[in-house]
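To keep things clear, I will list the structure first and then write my remarks on it.
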Amino acid sequence: MILSVIFVEMFDINYKVMRQLTLSIPDNQFSFFMKIVKAFDFVKVEKTVKIVEPSSSEENKRFLDGISDAVREVNLHKQGKIKLQTLEEVFADFRREGIIPSKDESKEFTNDFVAK
């Protein structure tokens, strides 16, 4: 999270000089940090912004490579050079790999929640 904090310094009765500080705080430490900051009566929290950063450049590269491969395959399919799997074939592969439950397991799960 990024936190904008304004520190107030009193120099004169007619002037209020403030300084703004932007911090990046890990999400798992944000709550603790905010408790500390709120304990200071001279600090005003203007806004907080949650920023999600990519885990690693290697993960980004694999993701982008996968997208590029998918676009290439779709273009080859449009040109008639390859045949893509049907959705049912993709689901069958997912079931074999255990990514999604088998049809029988899905029916059992659904039947538990459907009113009779």
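The values are calculated or read from the model by the stated rules, or taken from the named source; none is laboratory data. Bear in mind the structure is a predicted one, so any value in this text is a computation, not a measurement. A quick note on method: Cβ atoms are made from the backbone with ideal geometry, for glycine too, and the neighbour counts reach across all protein chains shown.
Observations on the structure shown:
- Residue among Ile36, Ile82, Ile100, Ile67 that alone is modelled with pLDDT of 90 or more, aliphatic (A, V, I, L, M) and either touching a Pro at 6+ places or on another chain (Cβ under 7 Å) or surrounded by 12 or more Cβ atoms within 10 Å (Cβ to Cβ) (or both): Ile82
- Hey, Ser4 within 25 Å of the chain's Cα centre (by Cα), small (Gly, Ala, Ser) and at pLDDT below 80 or not: yes
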